[in-house]
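The values are calculated or read from the model by the stated rules, or taken from the named source; none is laboratory data. Owing to the predicted nature of the structure, the values given are computational and were not obtained by experimental measurement. As a convention, Cβ positions derive from the backbone with ideal geometry for all residues, glycine included, and neighbour counts pool all protein chains shown.
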Amino acid sequence: MTKMQNFLKGLIRENPVLVLILGTCPTLATTTSILNALGMGVAATVVLVCSNMAISALRRVIPDKVRIPCYIVLIAGFVTAVELLLHAFVPSLYNSLGIYLALIVVNCIILGRAEMYASKNGVINSAVDGLGMGCGFILALFAMSFIREVFGAGSFCGIEIPGLSKYCIPILAKTPGGFLVFGCLITAVNALSHGKAIKKKDFGCAGCPSAATCGKLSCTDEEKTGEEAAK
């Protein structure tokens, strides 16, 4: 896989939010506003790229038995740095994101890429993977926040859209609307990336977008191994 393919896979084919279904908590919580969504996306991307590079560089040093605590400590350090920078230079965004900024530490996207990719690959490839996944996260947040703010609140980046504010759909800006938009976007991305309905055989290792980077046997291999053992 080339570096460009490694980067592009995170945008649609392995989008962390709309395909892998990770990071749903900040996705639903911060997408009522485009500015908040973009702020969360950029902050998470910076942490994702930096943590991927650090974990990849230290992958031969970190003991396997304590790798998850070590990953969290590294990620927490980068999150703290991002928090301090936002608090100092963009206090309004810092206050808007609130607790969800600190919760980047346990964001499933960042921990997932650390465990699945950065711990098994070089620094440059891990940085590219983190950037691609981060851009996919930003893209998903922007798409959701655009629909929810424009059609739910009748505004764009906090600026009221003349004529539309009277005909907006307020439920889109609320929690039920967030789940509705989320489900519709997942369906749309699945249709674009696969072009067909998901079949039963797509579930499991064979249908997993990250199967190429997983060290486990595929479902087919496991079945064959079981059949050979039975014979």
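Answer with yes or no whether ALA102 is part of a helix (DSSP H, G or I), over 14 Å from the mean Cα position of the chain (by Cα), within 30 Å of GLN5 (Cβ to Cβ) and hydrophobic (A, V, I, L, M, F, W, C). Steps first, answer last, please.
Values: part of a helix (DSSP H, G or I): yes; over 14 Å from the mean Cα position of the chain (by Cα): yes; within 30 Å of GLN5 (Cβ to Cβ): no; hydrophobic (A, V, I, L, M, F, W, C): yes.
No: the conditions fail for ALA102.
Take the residues in region 133-176 that are of a type in the set (Gly, Ala, Ser) and in contact with a Ser or Thr (Cβ under 6 Å, 6 or more places away or on another chain), then tell me which one is nearest to LEU48 (Cα to Cα). Quick ask: steps written out before the conclusion?
So in region 133-176, the residues of a type in the set (Gly, Ala, Ser) come out as 134, 136, 140, 143, 145, 152-155, 158, 163, 165, 173.
So of that shortlist, the ones also in contact with a Ser or Thr (Cβ under 6 Å, 6 or more places away or on another chain) come out as 134, 145, 154, 173.
Working: GLY134: 7, SER145: 21, GLY154: 32, ALA173: 28 Å.
Step by step, filter region 133-176, then rank; the result is GLY134.
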Residue match in region 130-150 (condition: of a type outside the set (Lys, Arg), outside any helix (DSSP H, G or I) and within 18 Å of the chain's Cα centre (by Cα)): no
Test: residue in region 88-98 that is in contact with a helix residue (DSSP H, G or I) (Cβ under 7 Å, 6 or more places away or on another chain), among the hydroxyl-bearing types (Ser, Thr, Tyr), surrounded by fewer than 22 Cβ atoms within 10 Å (Cβ to Cβ) and touching a residue at least 40 places away in the same chain (Cβ under 8 Å): yes
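Considering every residue within region 167-177, establish whether at least one is under 18 Å from the mean Cα position of the chain (by Cα), under 20 Å from LEU22 (Cα atoms) and not small (Gly, Ala, Ser). First the steps, then the outcome.
Looking only at region 167-177, we keep the residues that are under 18 Å from the mean Cα position of the chain (by Cα), and these are none.
Checking region 167-177: not a single residue is under 18 Å from the mean Cα position of the chain (by Cα), under 20 Å from LEU22 (Cα atoms) and not small (Gly, Ala, Ser).
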Single residue of region 151-176 satisfying the filter (surrounded by fewer than 16 Cβ atoms within 10 Å (Cβ to Cβ) and in a helix (DSSP H, G or I)) that is modelled with the lowest pLDDT: SER165
Residue satisfying all of: in region 1-50; over 11 Å from the mean Cα position of the chain (by Cα) and assigned to a loop (DSSP other than H, G, I, E, B); surrounded by the most Cβ atoms within 10 Å (Cβ to Cβ) among these: THR31
ALA54 being in contact (Cβ under 8 Å) with a residue 60 or more places away in the chain and crowded, with 19+ Cβ neighbours inside 10 Å: no
Residue satisfying all of: in region 117-129; more than 18 Å from the chain's Cα centre (by Cα) and of a type in the set (A, V, I, L, M, F, W, C); surrounded by the most Cβ atoms within 10 Å (Cβ to Cβ) among these: VAL123
